[in-house]
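A.B. asks: What follows is a structure written as structure tokens; I'll ask about it next.
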Protein chains: 4
Amino acid sequence: MPKKIRLGILGGGGDSLIGVLHRVASHINDNYQIVGAVFNPNHEQSVAFAKEIDIPTNRIYKDFDTLIEEELKLPEDERIQVCSVQTPNFLHFPMAKKLLDNGFHVICEKPMTMDYAEAKELEAAHKKSGKVFALTHTYTGYPMVRQMREMIKNGELGKIHKVDARYYQGWINPIIHDKEKRSSVWRLDPTKAGISSCMGDIGVHAFNLVEFTTGLKVSSLLCDFNYLYEDNKMDVDGTVLIRMDNHVKGVIRASQVATGEENGLAIRIYGEKGGLVWEQENPNFLYYFTEGKPLQVYKPGHPYNSEVSLSGTKLPAGHPEGIFDSMANIYLGAAKAIRGEDYNDCEFPTMEDGVRGMNFIEGTVASHKQGNVWIDMD
Amino acid sequence: MPKKIRLGILGGGGDSLIGVLHRVASHINDNYQIVGAVFNPNHEQSVAFAKEIDIPTNRIYKDFDTLIEEELKLPEDERIQVCSVQTPNFLHFPMAKKLLDNGFHVICEKPMTMDYAEAKELEAAHKKSGKVFALTHTYTGYPMVRQMREMIKNGELGKIHKVDARYYQGWINPIIHDKEKRSSVWRLDPTKAGISSCMGDIGVHAFNLVEFTTGLKVSSLLCDFNYLYEDNKMDVDGTVLIRMDNHVKGVIRASQVATGEENGLAIRIYGEKGGLVWEQENPNFLYYFTEGKPLQVYKPGHPYNSEVSLSGTKLPAGHPEGIFDSMANIYLGAAKAIRGEDYNDCEFPTMEDGVRGMNFIEGTVASHKQGNVWIDMD
Amino acid sequence: MPKKIRLGILGGGGDSLIGVLHRVASHINDNYQIVGAVFNPNHEQSVAFAKEIDIPTNRIYKDFDTLIEEELKLPEDERIQVCSVQTPNFLHFPMAKKLLDNGFHVICEKPMTMDYAEAKELEAAHKKSGKVFALTHTYTGYPMVRQMREMIKNGELGKIHKVDARYYQGWINPIIHDKEKRSSVWRLDPTKAGISSCMGDIGVHAFNLVEFTTGLKVSSLLCDFNYLYEDNKMDVDGTVLIRMDNHVKGVIRASQVATGEENGLAIRIYGEKGGLVWEQENPNFLYYFTEGKPLQVYKPGHPYNSEVSLSGTKLPAGHPEGIFDSMANIYLGAAKAIRGEDYNDCEFPTMEDGVRGMNFIEGTVASHKQGNVWIDMD
Amino acid sequence: MPKKIRLGILGGGGDSLIGVLHRVASHINDNYQIVGAVFNPNHEQSVAFAKEIDIPTNRIYKDFDTLIEEELKLPEDERIQVCSVQTPNFLHFPMAKKLLDNGFHVICEKPMTMDYAEAKELEAAHKKSGKVFALTHTYTGYPMVRQMREMIKNGELGKIHKVDARYYQGWINPIIHDKEKRSSVWRLDPTKAGISSCMGDIGVHAFNLVEFTTGLKVSSLLCDFNYLYEDNKMDVDGTVLIRMDNHVKGVIRASQVATGEENGLAIRIYGEKGGLVWEQENPNFLYYFTEGKPLQVYKPGHPYNSEVSLSGTKLPAGHPEGIFDSMANIYLGAAKAIRGEDYNDCEFPTMEDGVRGMNFIEGTVASHKQGNVWIDMD
């Protein structure tokens, strides 16, 4: 593997959740090094954040335009190669465009732009630039989603005839029912959030998965939104009938008022020979239905998976990817102890755990060898 | 947050799975920076690997002893602060001991040592050193395992009276039934693998979780191993009856011949007032039973969880921690494209996905506003 | 409980699955006794079937009209009180109507009639008759469906705002793709099957559950069918957008080409305060979501359930209703043995099982009392 | 099928749950007719109960001995052929023995006897009698349990090497912690309940399933009970290590203090080539693990199942057997209405449901045919 790619970050500072997600993801495969950033419109906070995450501060710029200007002065082999755009939605388009126009690759959060016209304009800029543009429709990175796509591509479902995707959340529920709140929150203000709340924020993920997994394009759609209240201006729920090529029909359902639902993205695809079902909250399980045979449950990391699914799996079968995070929590606990900070005694296993473990193992061997007798532990 | 902790790595080079896990985990919270290492007994390979993951090679030492020697010559504020020991099992003890003796903190893979005597010796060295020693019993890092511990601590189960842990894998199955293989594999050779295979490798994790979650100590045990074949010298399966303080009894079951099982670690704890069940392969779900009430399912990231559970959760409820990895797969795809390498067209979403997404969103709004009519997509 | 109700059966003879279902159901609560029937258009077969299930043959009539005529001659306290109509769909209306007109109660399979006009006519006949008319929308009998209705009625979801029902099957799949078959099967022939296949056969169940559980009425609908092939005349898949009173919106999805799906009826209802999800293939589990609290899983037979849910549960919590059938299988095995017929040796547990069971229990007591030693079984 | 078998019932009157279960089961396959009984030690109550369930009262005897005596006077082709013994445990042995000695077949609830000596004596009586003796280990009647047995028999797991069964309930929990209650309840009184509570009542079911599914015999066992309190005389929890023929080992776990558990019977069997897992509370799902292949989920009613599994399934795939009960609830509601009794309006679907259903179906057809427009319902 060659040297790490020089990465610039736009936005994502402080407590930004999307910031953590991108940063961790950029580290995971040892491919990227953050060399420059504008984490925050406030330059001081931007620098402070760089210190907090221990990144050299010399290329923490005061704003996006300065970043472009200064980086272009650097020799090509030092310059930022790709910028990750994690700013508020309305900035995605101008930043991505200027980056492409100036010869930078772009990794961009979704929604890509505020409307379709901007999208088409950005597409043109991209074509002209010859640079890489990656949109972070994160769910397409799951090994089992990729496996789904490959199985369909390989004809394991036969001709597709039915698609059904759902993205149900309940988070807007405490807001929508309060007249004061629903008229003031930026998410439900069309001047700030764009033309659609529910469909623009989450429905589009479901749409993307439908096209990603089937390899088919939606040709036409019919949609019904629900605003719940007369005075609410943005959709908080909607159902879309879709038609795809080749007599395929389907439905995309999205809701932000599905009370109690967390991040309920799920997709069902049926074809002549079989069906596939996947749910984001149990992302390691892919259900494969076939006529007259038992349901099969595919999981990551097995040789029966496609190459591209396996290439996205780093650990042996049965280890959910969450184990990275679990291990990270232990490293975090140890970091606190090393720095002499307070920590909860459950934050990392200690010497005592190790001693007891060896005591246990020796005990089991002794008990077995002595004819299954009781052994006291120290 | 202060500057990053200077981390040394012992082992974990090349394709080592445990190496990836530790490296990613050390990055996730922006706490550690790898400054030195002996990734491999072969120095050339060690240096090559450092280059591959883009770490400066000046502190890639030819062996462990040199690492200690050279690091001690550095000023304290440049020196490695903590070493992560990821070498084969028999090296854990000598390395950890020498590190502690020389004033380094230690993060150590399990099993901590080869036997109980070594463990006691290491414990003494640790006490004398005053340094941090963290053992990577990874499963204790899961938010829901920590939540389990806190709920029990807070009395939500009342007095505990029954514990039941299981760790079933099937991976040794293709080896054990082949006489040739079972007599040659190092895992089943007591001179290399230590006194126990199944109980030492995985049973001890189940044991650790029992003590971790209940806060109680196992006082005595009775064990029965299964070797399956007369000529096999190591346990590949075993069941342990346990007694804990206060009339608590329970059972720990471990197997490496549970054919088809991947990494089936599960724990059930029952007390006077309720029960808790957790399974590693669905780590975001914690099942809470109480007399006469509906089963409750706890998930990470909700305010109803304990502080320490929440501190280990970085994303909103409903986002499995695996989403870090999913996003990382997209960054990996983009990296391939940026470097001009081959990649599968599903490895990252592109401009086209973005354009179609905006087309979709505008289409849904138009369909709804025009009275739920069909809208063609471009 | 007074004497059993005198029940007449129309249809349901031979291997009819619907016949078994009705017959068993009528026995379960000791309420009904079958006293007369026309099991089959062929009178000989009808009589043979009566003998097979050991029902007196004197009131097995040659046809439906004769049944009415002859029963009316009997004194009222001997006469059939209620007829269960299990004939092909097109006979439901004329039979039900004539029964009501002649003073019989009616239990009728669905679809109630072939079209809406017949339905309205039957409704008028029913009103005039003063008799009981029960339509066997079977799924409303599940304890957890009834619990769902009661919880919504009691306001546990607050004001409803979203409903979503699915009924996916895959059974028509092997037929629809074969041009010969799809043009000849009665199910896809509008002259025999009525105006709709998929929506009429299964979609209507989903519709019924939506209205049953919410207590709200669908006020308008918009539907898109899929016929899959140009030459196919009946819907085999469809999606219906629905609007209910009070700004409630929702979707009903039905398919007979969801390959591999068995009987996938599921319903999700969301309201201001919570959500409820139920799936027919796991009918004993009702999932209750509430904002900010752990998911709760309701199961039958617990005091926390409503009275009407409990009244439909005959066994202690944790015993799926399927246990009736499991026990029935054992009775069936014993019947074969008693009659000297062939049977598989697993069809009922024998004396040997009983002896070994007692041997086992005594062994466990002995082992424990002697200090956890090994005890040989005989 | 020949005429129904003449069945006598001993016990099971009034609200007896076991009584309902046996009665319903005996009806389900149209094989049995109840012709005589002693439902209750109190003859008046026995007769009253017979009237309640509408059974002729002429053969409701005043006690068991009279039943034997009088039945023997009847001609053989009128006489009770088989008696179902549902009395308290201590009566199982004397009744079963006398029945066999007098030439009656026996269906007997478990535990078969109070101890092993009685069991051996009964075995001898059975052998001498030449009659059928069926013990109602109900769980062996589930189609998926039978499928499990057949798959193992057919070698689909290869040589078995590990068995693991669990039967966890929590019902005794509210009793055991109350000193007053635990010293007075008959279940924990050895003079009434026999030698074992937990192992005798439920552990023996787990034991039976282990032998039933594997076809192997337990050769020796080692057991540890938990009484929880010094003053409690009966086991309320226990774990049993078992050894079977051929180096098979395993564990049986049973508990009545697993708080919140309902009827948690589960079994896991692993062999050289695969594993099988089944759980009683989801009895229609059988999980089949094989090395290197996706998990397969077997369900009842499919042609891929064995003949004996299919013979125990009466309905198409996807219809849980609980649907019998669901339909029965609707018949019950209709019965109440027919008798003019009070009923909840959800107890059976009515004419209105039928009318609305037809309105819905016609609406969907109209909406589709008119180009997916909104149609109002009446």
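A.B. asks: Mind giving me the FRET efficiency for C:Ala366 and D:Glu121? R0 is 25 Å, r the Cβ-Cβ distance, nearest 0.05 is fine.
C.D. replies: Details: r = 19 Å, r/R0 = 0.78.
Calculated transfer efficiency: 0.80.
A.B. asks: May I pose another question? Assume the label is 7 Å from Cα along Cα to beta carbon: what separations in nm does B:Pro41 have to the matching positions in the other copies?
C.D. replies: Its label point is 6.0, 7.9, 8.5 nm from the equivalent points in the other copies.
A.B. asks: State, to one decimal in nm, how far the label point of B:Asp376 lies from the label point of B:Lys159, with both points 7 Å from Cα in the Cβ direction.
C.D. replies: 7.7 nm
A.B. asks: Using a simple charge model, +1 on the beta-carbon of Lys and Arg, -1 on the beta-carbon of Asp and Glu, nothing else, what dipole does the range A:140-311 show about its Cα centre, in debye to the nearest 20? Present the calculation step by step, with values, prior to reporting the outcome.
C.D. replies: Working: 20 positive and 21 negative charges, 87 e Å.
That gives the range A:140-311 a dipole magnitude of about 420 debye.
A.B. asks: Below 18 Å, Cα to Cα, which lysines can B:Lys62 reach? Residues fewer than 8 away in the same chain don't count.
C.D. replies: B:Lys51, B:Lys73, B:Lys98
A.B. asks: A further question on this structure: Please find the FRET efficiency linking A:Asp245 to A:Thr191, where r is the Cβ-Cβ separation and R0 is fixed at 41 Å, and quote it to the nearest 0.05. Can you show the working numbers first?
C.D. replies: Numbers: r = 37 Å, r/R0 = 0.90.
After rounding, the FRET efficiency stands at 0.65.
A.B. asks: Could you tell me the total accessible area buried at the C-D interface, probe 1.4 Å, in square angstrom to the nearest hundred? Don't skip to the answer; put the middle values down first.
C.D. replies: Values: alone 21940 and 21950 Å², together 29940 Å².
Chains C and D together bury approximately 13900 Å².
A.B. asks: Let me ask you something else. Looking only at other chains, what is the average number of their beta-carbon atoms within 10 angstrom of each beta-carbon in A:262-272? It would help to have the intermediate numbers written out before the result.
C.D. replies: Working: counts 11, 8, 5, 1, 0, 0, 7, 2, 10, 5, 7.
For peptide A:262-272, the averaged partner shielding equals 5.
A.B. asks: Starting with the highest mean, order B:263-269, D:367-373, A:111-117 by the number of other Cβ atoms within 10 Å, averaged over the residues of each peptide.
C.D. replies: Numbers: B:263-269: 23.3, D:367-373: 16.0, A:111-117: 20.9.
In decreasing order of mean packing, B:263-269, D:367-373, A:111-117 become B:263-269, A:111-117, D:367-373.
A.B. asks: Where does the protein assembly as shown land at 222 nm, in deg cm²/dmol rounded to the nearest 500, when only DSSP H runs of n ≥ 4 count, each adding -39500 (n - 2.57), divided by all residues?
C.D. replies: Details: 52 runs with 544 residues, N = 1512.
The helix contribution divided over the protein assembly as shown gives -10500 deg cm²/dmol.
A.B. asks: Just checking the output field for B:307-316: average partner chain Cβ neighbours within 10 Å of each residue's Cβ? Intermediate results must be reported in sequence, preceding the final value.
C.D. replies: On the way: counts 1, 7, 2, 0, 6, 10, 2, 7, 6, 5.
Counting other chains' Cβ atoms within 10 Å and averaging over B:307-316 gives 5.
A.B. asks: To the nearest 20 debye, what is the magnitude of the charge dipole of chain C about its Cα centre, counting +1 on the Cβ of each Lys and Arg and -1 on the Cβ of each Asp and Glu? Could you put the intermediate results ahead of the total?
C.D. replies: Working: 41 positive and 51 negative charges, 289 e Å.
Computed charge dipole of chain C: roughly 1380 debye.
A.B. asks: Let me ask something else. Would you look at the GNM of chain C, springs on alpha carbons closer than 10 Å, and say which of C:Gly215, C:Gly250, C:Gly301 moves the most?
C.D. replies: In this elastic network of chain C, the residue with the biggest mean-square fluctuation among C:Gly215, C:Gly250, C:Gly301 is C:Gly215.
A.B. asks: Further question: Just to be sure I understand the curve: with the Debye formula and one point per C-alpha of the range C:237-304, what is log10 I(q)/I(0) at q = 0.16, 0.18, 0.19 Å⁻¹?
C.D. replies: -0.75, -0.89, -0.95
A.B. asks: What FRET efficiency would be calculated for the residue pair D:Lys128, A:Asp342, taking the C-beta separation as r and a Förster radius of 60 Å, to the nearest 0.05? The partial results should precede the final answer.
C.D. replies: Details: r = 78 Å, r/R0 = 1.30.
For R0 = 60 Å, the calculated efficiency reads 0.15.
A.B. asks: Further question on the same structure: Along the charge dipole of the range B:5-136, pointing to its positive end and built from +1/-1 on Cβ of Lys, Arg, Asp and Glu, which listed residue (B:Val38, B:His22, B:Gly130) has its Cα farthest out?
C.D. replies: B:Gly130
A.B. asks: Can I ask one more? Kirkwood hydrodynamic radius of the range A:140-311 from all distinct Cα pairs, in Å? Please report the intermediate quantities before stating the final value.
C.D. replies: On the way: mean 1/r = 0.0585 Å⁻¹.
Taking every pair of different Cα atoms in the range A:140-311, averaging 1/r and inverting gives 17.1 Å.
A.B. asks: Sticking with this one: For the range D:272-361, rounded, prolate or oblate, judged on the Cα gyration tensor with a ≥ b ≥ c (square roots of eigenvalues), a/c < 1.5 rounded, else prolate if a/b > b/c?
C.D. replies: On the way: a/c = 3.34, a/b = 2.55, b/c = 1.31.
The shape class here is prolate.
A.B. asks: Build a GNM of chain A with springs between Cα atoms under 10 Å: which of A:Val236, A:Val365, A:Val308 gets the top mean-square fluctuation?
C.D. replies: With Cα springs under 10 Å in chain A, the top fluctuation among A:Val236, A:Val365, A:Val308 is at A:Val365.
A.B. asks: Report ³J(HN,Hα) in whole Hz for each residue of the range D:94-99, in order, from the Karplus equation J = 6.51 cos²θ - 1.76 cosθ + 1.60 where θ = phi - 60°; Gly and Pro get x.
C.D. replies: x, 5, 4, 5, 4, 4
A.B. asks: Order these peptides, B:53-64, C:153-164, by their mean beta-carbon neighbour count within 10 angstrom, highest first.
C.D. replies: Values: B:53-64: 16.9, C:153-164: 19.2.
Sorting B:53-64, C:153-164 by mean packing, highest first, produces C:153-164, B:53-64.
A.B. asks: Using the Cα centre of the protein assembly as shown as the reference point, and only Cβ charges (+1 on K/R, -1 on D/E), how large is the resulting charge dipole? Debye, rounded to the nearest 20. Working shown, then result.
C.D. replies: Numbers: 164 positive and 204 negative charges, 1 e Å.
Once rounded to the nearest 20, the dipole reads 0 debye.
A.B. asks: Sequence-distant or interchain residues sharing an amide H contact under 5 Å with C:Ala134, placed H: which?
C.D. replies: Excluding prolines and chain starts, which carry no amide H, the hits are C:Val106, C:Ile107, C:Cys108.
A.B. asks: Related question: Let me know the shape class of the range C:82-193, please: from the alpha-carbon gyration tensor, a ≥ b ≥ c as square roots of the eigenvalues, rounded when a/c is under 1.5, otherwise prolate if a/b is greater than b/c, or oblate. Spell out each step's value before the answer.
C.D. replies: On the way: a/c = 2.39, a/b = 1.08, b/c = 2.22.
Here the range C:82-193 falls in the oblate category.
A.B. asks: Give me the percent of accessible area attributable to carbon and sulfur for chain C, probe 1.4 angstrom. Don't jump to the answer; show the numbers that get you there.
C.D. replies: Working: 6360 of 12770 Å².
For chain C, the apolar C and S fraction of the accessible surface comes to 50 percent.
A.B. asks: HN-Hα J couplings of the range D:328-336 from phi, Karplus 6.51/-1.76/1.60, θ = phi - 60°, integer Hz, Gly and Pro as x?
C.D. replies: Coupling constants for the range D:328-336: 4, 5, 5, 4, 5, x, 4, 4, 4 Hz.
A.B. asks: Still on this model: With all pairs of different alpha carbon atoms counted, what Kirkwood hydrodynamic radius in Å does the range C:159-208 show? Could you put the intermediate results ahead of the total?
C.D. replies: Values: mean 1/r = 0.0794 Å⁻¹.
That comes to 12.6 Å for the range C:159-208.
A.B. asks: Would you please state the base-10 log of I(q)/I(0) at q = 0.14 1/Å for chain B, with intensities from the Debye formula using one equal scatterer on every alpha carbon?
C.D. replies: The computed values of log10 I(q)/I(0) come out as -1.37.
A.B. asks: On to the next question. What average count of beta carbons from other chains do you get within 10 Å of the Cβ of residues in C:151-164?
C.D. replies: Values: counts 0, 0, 1, 0, 0, 0, 2, 3, 2, 0, 11, 12, 0, 6.
Average neighbour count from other chains, rounded to a whole number: 3.
A.B. asks: Report ³J(HN,Hα) in whole Hz for each residue of the range B:120-127, in order, from the Karplus equation J = 6.51 cos²θ - 1.76 cosθ + 1.60 where θ = phi - 60°; Gly and Pro get x.
C.D. replies: 5, 5, 5, 4, 5, 4, 4, 4
A.B. asks: Top mean-square fluctuation among A:Gly322, A:Gly271, A:Gly312, Gaussian network model of chain A, C-alpha springs under 10 Å?
C.D. replies: Checking each option, the largest mean-square fluctuation is seen for A:Gly322.
A.B. asks: Using Cα centres only, tell me the gap between the range B:89-146 and the range D:178-228 in whole Å.
C.D. replies: Their Cα centres are 43 Å away from one another.
A.B. asks: By a straight-distance test (C-alpha under 19 Å), which aspartates and glutamates pair with A:Lys128 as possible cross-link partners, with residues fewer than eight away in the same chain excluded?
C.D. replies: Within the straight-line limit of under 19 Å, A:Lys128 reaches these aspartates and glutamates: A:Asp101, A:Glu118, B:Glu352, B:Asp353.
A.B. asks: Also, quick follow-up: When N is the residue count of the protein assembly as shown, what does its C-alpha Rg come to as a fraction of 2.2 N^0.38 Å? Present the calculation step by step, with values, prior to reporting the outcome.
C.D. replies: Working: Rg = 34.5 Å, N = 1512, 2.2 N^0.38 = 35.5 Å.
Computed over Cα atoms of the protein assembly as shown, the ratio equals 0.97.
A.B. asks: Could the peptides A:272-283, A:141-152 be put in order, highest first, of the mean number of other beta-carbon atoms found within 10 Å of their residues? Before the final figure, lay out each step's value.
C.D. replies: Working: A:272-283: 21.7, A:141-152: 25.3.
So the peptides A:272-283, A:141-152, ranked by packing, come out A:141-152, A:272-283.
A.B. asks: Right, something else. Let me make sure I get this right: for the range D:5-136, a, b and c are the square roots of the gyration tensor eigenvalues over alpha carbons, sorted descending. Under 1.5 in a/c it's rounded, otherwise prolate if a/b > b/c, else oblate. Which is it?
C.D. replies: Values: a/c = 1.56, a/b = 1.34, b/c = 1.16.
The shape class here is prolate.
The values are calculated or read from the model by the stated rules, or taken from the named source; none is laboratory data. None of these values were measured; they are calculated from a predicted model. Virtual Cβ from ideal backbone geometry, glycine too; neighbours counted across all protein chains shown. Surface areas here come from the heavy atoms of the whole protein model, side chains and all, with no ligands, DNA or RNA. Shrake-Rupley method; radii C 1.70, N 1.55, O 1.52, S 1.80 Å.
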